[in-house]
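Below is one structure, written out as structure tokens; the observations come after it.
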């Protein structure tokens, strides 16, 4: 979860100033959390409290209204009778990493990922994007090898994960769809060396950098272990205290190394 949040913050600077290299500063004065982080924390709180994903996501979205939400999601936040709007966008995938950490079987992970997605993203591609990221996190934290993660995701969801970043990067552009984001983020993880390598790979594609890096970072944390101390310190300094409290409670409940404590 902190891997996703760190990826979001690192990638935030480059969403509108894309780079095509892995050599860039991880943090700057402009680095900040975006909607990816707000909604990831909301999903974590919904899991902790055992309440409806939609209720908590709407609460967080309204409390943090300037985080960069899409127009349709923003309208959903303020609709007195909110209904899913058949979105195939990557918003379902960017917020789902806590589910991969919190649940204990493949079936549970897939079910909860669907539930978290379909409150807004009930298009098949929106659901598939959420399920694939949550399952990648689950498999990574369960000790699966990268090749096995790749094979399972490609076979189950039909993503082409045999491409190489060097071939994708030259022509890749901003793409807010699950289909055009999730496979590339997964490949960024597969080719990455640890959390930072995965995040650098994702940002270097020059697309929806905060979301690409959030997805790749969440999977990489599950695979490689806790976020490095220096990255945690930089990310935590940019987060509201409420977020840090939820993150700490979530890590404790999930039996993960407690950020800022068990380090």
For segment 146-171, what are the residues that are in a helix (DSSP H, G or I), in contact (Cβ under 8 Å) with a residue 12 or more places away in the chain and surrounded by fewer than 13 Cβ atoms within 10 Å (Cβ to Cβ)? 170
Here the qualifying pairs (Cβ atoms under 6 Å; residues six or more apart or on different chains; first in segment 193-212 and within 7 Å of residue 11 (Cβ to Cβ); second surrounded by fewer than 24 Cβ atoms within 10 Å (Cβ to Cβ) and modelled with pLDDT under 95) come out as 209/15; 210/15
Where residues in segment 182-210 are touching a helix residue (DSSP H, G or I) at 6+ places or on another chain (Cβ under 6 Å) and part of a loop (DSSP other than H, G, I, E, B), which of them is surrounded by the most Cβ atoms within 10 Å (Cβ to Cβ)? 205
Please specify each residue of segment 1-17 satisfying the condition of being over 12 Å from the mean Cα position of the chain (by Cα) and either on the phi > 0 side of the Ramachandran plot or modelled with pLDDT of 95 or more (or both). 10, 12, 13, 14
Assuming residue 174 fulfils every condition listed in (1) surrounded by fewer than 19 Cβ atoms within 10 Å (Cβ to Cβ); (2) within 21 Å of residue 19 (Cβ to Cβ); (3) free of Cβ contacts under 8 Å to residues at least 40 places away in the same chain apart from one, which condition is it? (3)
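Condition check ((1) closer than 24 Å to residue 175 by Cα; (2) over 15 Å from the mean Cα position of the chain (by Cα)) across all residues:
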site	(1), (2)
102	no, no
129	yes, no
134	yes, no
140	no, no
145	no, yes
Elements of type helices (runs of 4 or more DSSP H) contained in segment 1-100, each with 3 or more residues being out of contact with any helix residue (DSSP H, G or I) (no Cβ under 8 Å at 6 or more places or on another chain) and more than 20 Å from residue 185 (Cα to Cα): 71-78
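The values are calculated or read from the model by the stated rules, or taken from the named source; none is laboratory data. As the structure is a prediction and not an experimental result, all values here were calculated from the model. Counting neighbours? That spans all protein chains shown, and the Cβs are built from the backbone with ideal geometry, glycine included.
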